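Here the structure comes first, spelled out in structure tokens, and everything after it is commentary.
The values are calculated or read from the model by the stated rules, or taken from the named source; none is laboratory data. The model shown is predicted, which means the values in this text are computed figures rather than measured ones. Every residue, glycine as well, gets a Cβ built from its backbone with ideal geometry; the counts of neighbours run over all protein chains shown. Surface areas here come from the heavy atoms of the whole protein model, side chains and all, with no ligands, DNA or RNA. Shrake-Rupley method; radii C 1.70, N 1.55, O 1.52, S 1.80 Å.
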Amino acid sequence: MTNIKNLTLLHSNDMHGDFLAEEIDKQLLGGVSMLSGYVNKVRNEEDNSLYVIAGDMFRGSVIDSEFKGLSTIEIMNMIAPDAATLGNHEIDYGLAHLIFLEKCANFPIINANIYIKSNMTRLFEPHRIIEIDGMKIMLIGLLTEEIMDYAKQDDILGSFVDIEEAAEAVGKICNNYKTIDIDLTVLLTHIGFEQDKKLAELLDPNWGVDIIVGGHSHTVLDEPEIVNDILIVQAGTGTDMIGRFDLKIDIDKNRVDSYEWELVPINNTHCPINEDLMHTIEKYKEITDKKFGRILTHLPHQLTHPVRYKETDLGNLFADIFQESLGLDIMFLGSGSIRTDSLGPTITYGDLAEAFPYDDWIMSVYANGDQLKRMIKHLLRDDAYLNETEFYQFSKGLFVTYSYPEKEIMELTLNGVPLEEDKIYSVGLQKFHLNNFDRFFGVPIEEVEQNEKQKIASTTCLQILDEYLTVHNRISSKVEGRITVLGLE
């Protein structure tokens, strides 16, 4: 007789400090107090349940940024996930602070492949085996070096270089624990949906991986993707929804017998509010409201940033402010630096800090027209539209027309004049993007630095935006065809 047991697996990813519910069409949507209420409801209704988080608990809200993740850890402790893995933004506050936050967490933070370069010592527990109702469930956490870009500012950290080595790490862990009779193996990854599919293809079926719960690409699915008999899921971003598996586990054959999966909306029709958690959030919000409530400016209309891989009016505004304030010829602003899909028309300091939470340096590099053309061609490659690499917002005056089918730049001008091949242009970049210059732009930084050494243009992004918006009123910005991609469906 087959021995089947039930398990409900709840999962979140890329929460980014999304603590507060929003009222939309007279209904409360999202927020960790209702998400926690839903998790607690499922825990009470289902005998066997787990809740896991696939990275990026931090960054994206003023509460998280103001308290450098400590507020997030306190809130996550109250939700009590059964395990969480690291995302790239867990490293934003520095290695020492991350280790401090991990010590404050009352839940396991797992990662199999971040280590100290000098002695190859892992920083975190690579996996966790949870026993529930006679079932043994193994959870493994993974990042790859490509996703750990921000940690390159910390030279002592390393990671496995690519997806192949990440797959080898999974095999090593699975092979070492075969004798424990694992009934379900779940990878908690933060590498993006497309990379999850590549990872699944590389995994030996004999290792017994059943599910990949992913993050980073903020993917919303109608149903799980199945690759190599492995179920791959994500739950978008923030706390507006949560993923739910209702699994039947064959514990004799150590595999998923059947499943149902859905993305459950977090709203007040079926998610009770965790009042204790709500009070904790309000405690932090009261402090941040005093600092972040001042009004900077009023725009004629709301500006939006709905997607990363296109020109947006909000992206244009920010890129133009940096270009004008710092006297640069060109500003390439990382689209991923803008963390909200809209801003205004009234902008408070809190709105700005939430929309642009990464207060990085701005560096000035000096590229000639030929190098700039190669850089722009590289950043418009196919990966940009798959959310596999960084995309950029261009400052005013720079216009490019790119043929997607031909993979060629058809026209490239600055202030109405074609770029001159040998002329040197000053280009502003956030330090994060300069640290990853070769990969993001496809041109060796050493080649560009032969023109002139890089310089610090500013040690702060946020103060530049704050000052400009404070002294300028009714600023207008719109999409004007700075980036035109032909033939992209």
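Here are a few things to note about the model shown:
- Selection within the range 376-400 - under 19 Å from Asp329 (Cβ atoms), open to solvent by less than 30 Å² (accessible area, probe 1.4 Å) and assigned to a helix (DSSP H, G or I): Ile376, Leu379
- Tally, over the range 270-327, of residues that are more than 27 Å from Lys68 (Cβ to Cβ) and in a loop (DSSP other than H, G, I, E, B): 14
- The set of residues in the range 324-359 that are β-branched (Val, Ile, Thr) and out of contact with any helix residue (DSSP H, G or I) (no Cβ under 8 Å at 6 or more places or on another chain) contains only Thr346.
- Of all residues in the range 76-113, those being touching a Ser or Thr at 6+ places or on another chain (Cβ under 6 Å) and closer than 20 Å to Gly31 by Cα number 1.
Residues are listed down the side, and each one gets a yes or a no for (1) under 27 Å from the mean Cα position of the chain (by Cα); (2) open to solvent by less than 30 Å² (accessible area, probe 1.4 Å):
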residue: Gln234; (1), (2): yes, yes
residue: Leu247; (1), (2): no, yes
residue: Cys271; (1), (2): yes, yes
residue: Leu277; (1), (2): yes, yes
residue: Tyr309; (1), (2): yes, no
residue: Ser325; (1), (2): no, no
residue: Gly336; (1), (2): yes, yes
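- Single residue of the range 33-78 satisfying the filter (outside any helix (DSSP H, G or I) and aromatic (Phe, Trp, Tyr)) that is modelled with the highest pLDDT: Tyr51
- Within the range 176-192, the residues that satisfy the criterion of being open to solvent by 20 Å² or more (accessible area, probe 1.4 Å) and under 25 Å from Pro81 (Cα atoms) are Tyr177, Ile180, Asp181, Ile182.
- With respect to (1) under 20 Å from Met375 (Cβ atoms); (2) open to solvent by 30 Å² or more (accessible area, probe 1.4 Å), the lone exception for Gly487 is condition (1).
- The helices (runs of 4 or more DSSP H) located wholly in the range 401-457 that include 2 or more residues which are crowded, with 19+ Cβ neighbours inside 10 Å and not small (Gly, Ala, Ser) occupy 431-435, 437-441.
- Residue in the range 104-127 that is open to solvent by 20 Å² or more (accessible area, probe 1.4 Å), within 16 Å of Thr189 (Cβ to Cβ), touching a Gly at 6+ places or on another chain (Cβ under 8 Å) and not in a strand (DSSP E or B) present: yes
- Out of Leu303, Leu328, one residue alone is over 30 Å from Ile424 (Cβ atoms), aliphatic (A, V, I, L, M) and modelled with pLDDT of 95 or more. It is Leu303.
- Residue among Asp370, Asp341 that is within 30 Å of Val39 (Cβ to Cβ), surrounded by fewer than 18 Cβ atoms within 10 Å (Cβ to Cβ), at pLDDT 90 or above and of a type in the set (D, E, K, R): Asp341
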